Protein chains: 2
Amino acid sequence: MGESDTKGRGAGVRTITDLARLAGVSPGTVSRALAGKSLVNARTREKIEALAREHGFRPNQMASGLRRQKTGVIGVAIPLGHDVRQQISDTFFMTLLGLLADELTDKGYDLMLRRVVPMNDEDWLDRYIGSGMVDGVIVIGQSDQFDRIEEVADGYLPMVVWGNHTQGQRHCVVGTDNRLGGRMAAERLIAAGATSLAFLGDTAPIEFAARYAGARDVAMRLGVPLRVLPTHLAPDQLSEEIAAHLAGNAGEVDGIFAATDTIAAACMAQLRARGLAVPEQVRIVGFDDLPIASQTVPPLTTIRQDIHAGARGLVDLLLRRLAGEETESLVLPPQLKIRASA
Amino acid sequence: MGESDTKGRGAGVRTITDLARLAGVSPGTVSRALAGKSLVNARTREKIEALAREHGFRPNQMASGLRRQKTGVIGVAIPLGHDVRQQISDTFFMTLLGLLADELTDKGYDLMLRRVVPMNDEDWLDRYIGSGMVDGVIVIGQSDQFDRIEEVADGYLPMVVWGNHTQGQRHCVVGTDNRLGGRMAAERLIAAGATSLAFLGDTAPIEFAARYAGARDVAMRLGVPLRVLPTHLAPDQLSEEIAAHLAGNAGEVDGIFAATDTIAAACMAQLRARGLAVPEQVRIVGFDDLPIASQTVPPLTTIRQDIHAGARGLVDLLLRRLAGEETESLVLPPQLKIRASA
DNA sequence: GTAGAATTTGCAAACGTTTGCAATTTGCGT
DNA sequence: ACGCAAATTGCAAACGTTTGCAAATTCTAC
């Protein structure tokens with residue numbers, strides 16, 4: 001019953017040296033024991049481990065990181081480019097983030113999240129990398145920072161980016177084949193009877209631009225008109241903008257390809273408000289296959305991104321790069337998920 | 001044109017000592033100059049800053065952290081208690097996370113994200129705190145870890161938790177008054193004509209338990225029956241479970257209080273599939289006021305949580321605690337948002 | 001019992017920064 | 001030109017861990 005402060009962080013043993021004194025060995029030995037090195041005697045190790053457990057001792061990660069020149073932390077940067085409030089509402093990015101956290105935890109890494117506003121901050125990426133706080137970086141979304149990322153990639157290996165793959169680019173990217181996805185969407189709309197198409201969403205982000213380009217491929221090949229109805233992603237602006245577009249293009253569009261399921265869902269609400277029947281009068285296809293896609297009325301036909309494979313790919317490639325390997329980009333196939341909206 | 005490697009991380013100047021040599025001063029002076037201390041001559045500072053900029057030098061955060069005994073990093077832990085896949089689908093938590101990142105960035109902190117599975121890992125919280133990697137901790141969701149959090153809170157000041165406030169608890173919490181929210185939901189359902197209520201969702205997490213308790217307060221006071229229809233949060237199980245509940249309780253329930261908007265949305269899809277009219281045959285109220293709430297058909301009446309205020313409150317309280325202050329908990333008022341589903 | 005190898009340990013120097021203290025320089029008034 | 005205070009700088013010791021090397025111990029085989 002003497003054991004007073006078991007497992008208290010407030011206890012007196014904060015450093016590896018304290019623990020060494022208690023165990024009657026040198027700090028070096030404690031370090032080796034706790035690190036599971038083979039060069040320490042089994043009985044010594046047990047004693048040290050027991051003491052460590054008893055006093056709730058954890059080696060200081062900062063000191064360890066400094067000495068070993070690695071931190072066990074992966075930085076995840078979300079650049080908020082053109083549209084600052086963009087990703088907050090973007091379920092896709094947030095879900096990807098959650099999966100990344102799981103995946104990295106599995107591999108023994110921690111995740112440091114940073115949202116950056118490149119406009120205010122020329123060298124966000126250099127700063128992140130140079131801080132010495134992260135062993136590698138995952139960038140979620142190229143936003144409008146393609147060039148900067150390219151620049152950095154030349155001199156810094158452990159970086160992987162979620163986004164669009166462009167012919168000949170130098171940074172390692174994981175992402176869906178957006179252009180192919182765009183083609184699939186347009187084909188489906190036309191197959192479902194659409195004769196005049198619209199792309200609903202901002203075409204500035206290159207992922208979206210690629211989706212639009214894919215749709216245009218098909219539209220031009222088949223001689224179907226295709227217009228762009230630009231919107232933002234923030235939920236408040238979104239509905240109004242869509243409403244304005246629908247009012248302005250009344251009756252001229254019967255097939256909508258939304259850059260995102262989120263946009264598609266908002267659009268369906270507006271279509272319903274205007275009394276337009278989906279898919280009879282207007283067909284609509286989304287992108288992502290978020291959970292919301294199966295809950296709209298009618299359920300949304302969409303281009304599915306394999307987000308789990310994406311997260312796995314990102315950390316897999318990053319770890320290989322941390323090990324020094326020069327990896328290729330990973331382009332995932334999109335998949336047409338037919339529901340009822342087109 | 002001699003200037004070769006401007007701003008390259010690969011450059012030769014990696015440490016403060018390198019830079020000191022270049023500037024012809026001592027490392028100490030460089031440190032002071034870069035830290036903006038007042039005791040360094042203006043001209044010296046300028047020269048040093050210029051050199052630093054030219055060579056893209058950034059002081060190593062690990063070393064700095066070690067020496068100063070603070071890291072500039074706030075840990076955010078998401079415990080995945082009862083239901084491991086829980087929060088992945090939980091838009092609310094993910095949105096909160098995004099807002100936290102913004103808020104912390106504003107205050108000059110970084111955010112380290114860790115998802116923990118307490119079942120596999122007795123002392124996740126102690127480990128996080130003791131790692132020396134974070135200056136403070138924000139826990140998102142109490143899950144089933146109330147007791148452990150209480151324990152830790154006694155000896156560790158800089159921790160704030162998002163969750164439910166319970167009379168007499170010792171840890172500092174920020175969250176909505178769930179019980180009041182539950183009362184508001186039940187009152188609204190009954191005012192909208194419901195005569196037999198059901199709570200749809202898991203009652204194990206204490207936030208949800210409190211919501212249920214609020215509904216029960218009202219139901220008992222008014223003599224209206226209230227049953228519990230337990231579900232998980234993972235989207236795949238969710239729909240089936242709801243379908244089963246609806247089949248099993250056909251016609252016996254005309255007012256549903258869903259623990260979450262996500263659950264409510266899934267439920268509305270199932271109601272529609274069974275041909276039950278909302279709100280004529282079944283009224284339904286959600287919780288959170290996520291973006292999805294305004295896009296369901298019909299739009300969802302729900303109990304709004306002020307998530308922005310929550311994020312601000314969390315970091316505000318945490319910073320005060322970092323400064324040594326003992327702060328009270330912050331309980332935010334819920335708000336009934338009437339749309340069309342009840 | 002002893003040489004030699006094999007296993008365990010201890011020592012001390014890093015890792016890169018910050019900071020109290022002392023030493024130096026500068027400025028000012030006379 | 002000199003003394004004194006104020007303003008700058010340099011020195012060196014931390015922060016807590018890891019790790020190459022050498023020293024000490026244990027083991028093995030004769």
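The values are calculated or read from the model by the stated rules, or taken from the named source; none is laboratory data. Bear in mind that the values here come from a model prediction, so they are computed numbers and not experimental data. When we count neighbours, we look across all protein chains shown, and the Cβ atoms used for this are built from the backbone with ideal geometry, even at glycine. Ligands, DNA and RNA are excluded from the accessible area calculation, which covers all protein heavy atoms including side chains. Shrake-Rupley method; radii C 1.70, N 1.55, O 1.52, S 1.80 Å.
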Has the stretch A:67-85 got any residue that is within 17 Å of the chain's Cα centre (by Cα) and within 16 Å of DNA strand D (Cβ to nearest atom)? yes
Mind counting the residues in the stretch B:248-262 that are under 13 Å from B:THR195 (Cα atoms) and modelled with pLDDT under 95? 2
Could you say whether any residue in the stretch A:114-123 is open to solvent by less than 10 Å² (accessible area, probe 1.4 Å) and at the interface with another protein chain (Cβ under 7 Å from one of its Cβ atoms)? no
Would you mind stating whether A:ARG179 is under 25 Å from A:ILE138 (Cβ atoms), charged (D, E, K, R) and assigned to a helix (DSSP H, G or I)? yes
Of everything in the stretch B:284-303 that's part of a loop (DSSP other than H, G, I, E, B) and in contact (Cβ under 8 Å) with a residue 24 or more places away in the chain, which residue is most open to solvent (accessible area, probe 1.4 Å)? B:PRO299
Matching option when the condition is modelled with pLDDT of 90 or more, more than 12 Å from DNA strand D (Cβ to nearest atom), within 13 Å of chain B (Cβ to nearest Cβ) and under 28 Å from A:MET133 (Cα atoms), among A:ARG9, A:ARG58, A:ARG14, A:ARG53: A:ARG53
Based on what the data block shows, is A:LEU19 touching a His at 6+ places or on another chain (Cβ under 9 Å), crowded, with 20+ Cβ neighbours inside 10 Å and more than 9 Å from every other protein chain (Cβ to nearest Cβ)? yes
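Among the residues of the stretch B:245-265, write down those that are within 31 Å of the chain's Cα centre (by Cα) and either of a type in the set (A, V, I, L, M) or not assigned by TED's automatic domain parsing to the domain that holds B:PRO205 (or both). Explain how you work it out, then say what you get.
Just the residues of the stretch B:245-265 that are within 31 Å of the chain's Cα centre (by Cα), to begin with: B:245, B:255-265.
Scanning the stretch B:245-265 gives B:ILE256, B:ALA258, B:ALA259, B:ILE263, B:ALA264, B:ALA265.
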When you scan the stretch B:176-199, do you find a residue that is within 14 Å of chain A (Cβ to nearest Cβ) and modelled with pLDDT of 95 or more, even just one? no
Looking at B:ALA243, B:ALA247, can you tell me which residue is surrounded by fewer than 24 Cβ atoms within 10 Å (Cβ to Cβ) and either within 14 Å of chain A (Cβ to nearest Cβ) or in contact with a helix residue (DSSP H, G or I) (Cβ under 7 Å, 6 or more places away or on another chain) (or both)? B:ALA243
From the residues in the stretch A:124-157 that are more than 12 Å from every other protein chain (Cβ to nearest Cβ), in a helix (DSSP H, G or I) and closer than 21 Å to A:ARG320 by Cα, which one is least open to solvent (accessible area, probe 1.4 Å)? A:ILE149
Which number in (1) more than 11 Å from chain A (Cβ to nearest Cβ); (2) farther than 25 Å from B:ILE140 by Cβ; (3) in contact (Cβ under 8 Å) with a residue 24 or more places away in the chain marks the one condition that B:PHE257 misses? (2)
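In this structure, is B:ARG320 open to solvent by 10 Å² or more (accessible area, probe 1.4 Å) and assigned by TED's automatic domain parsing to the domain that holds B:VAL173? Show your work before the answer.
Working: open to solvent by 10 Å² or more (accessible area, probe 1.4 Å): yes; assigned by TED's automatic domain parsing to the domain that holds B:VAL173: yes.
The answer is yes for B:ARG320.
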Considering each of B:GLY108, B:GLY163 in turn, give the residue that is open to solvent by less than 10 Å² (accessible area, probe 1.4 Å) and away from every other protein chain (no Cβ under 11 Å). B:GLY163
Keeping to the stretch A:17-56, report how many residues are touching a Phe, Trp or Tyr at 6+ places or on another chain (Cβ under 8 Å) and within 12 Å of DNA strand C (Cβ to nearest atom). 1
Could you check the stretch B:250-269 and list, in sequence order, the residues that are within 21 Å of A:THR95 (Cα to Cα) and either open to solvent by 10 Å² or more (accessible area, probe 1.4 Å) or touching a His at 6+ places or on another chain (Cβ under 8 Å) (or both)? B:THR262
Need the failing condition index for B:MET220 against (1) touching a residue at least 12 places away in the same chain (Cβ under 8 Å); (2) hydrophobic (A, V, I, L, M, F, W, C); (3) surrounded by fewer than 24 Cβ atoms within 10 Å (Cβ to Cβ), just the number. (1)
List, please: which pairs have Cβ atoms under 7 Å, are six or more places apart or on different chains, and start with a residue in the stretch B:34-53 that is over 13 Å from B:GLY24 (Cα atoms) and open to solvent by less than 100 Å² (accessible area, probe 1.4 Å) and end with one that is near DNA strand D (Cβ under 7 Å from one of its atoms) and assigned to a helix (DSSP H, G or I)? B:VAL40/B:THR29; B:VAL40/B:ARG32
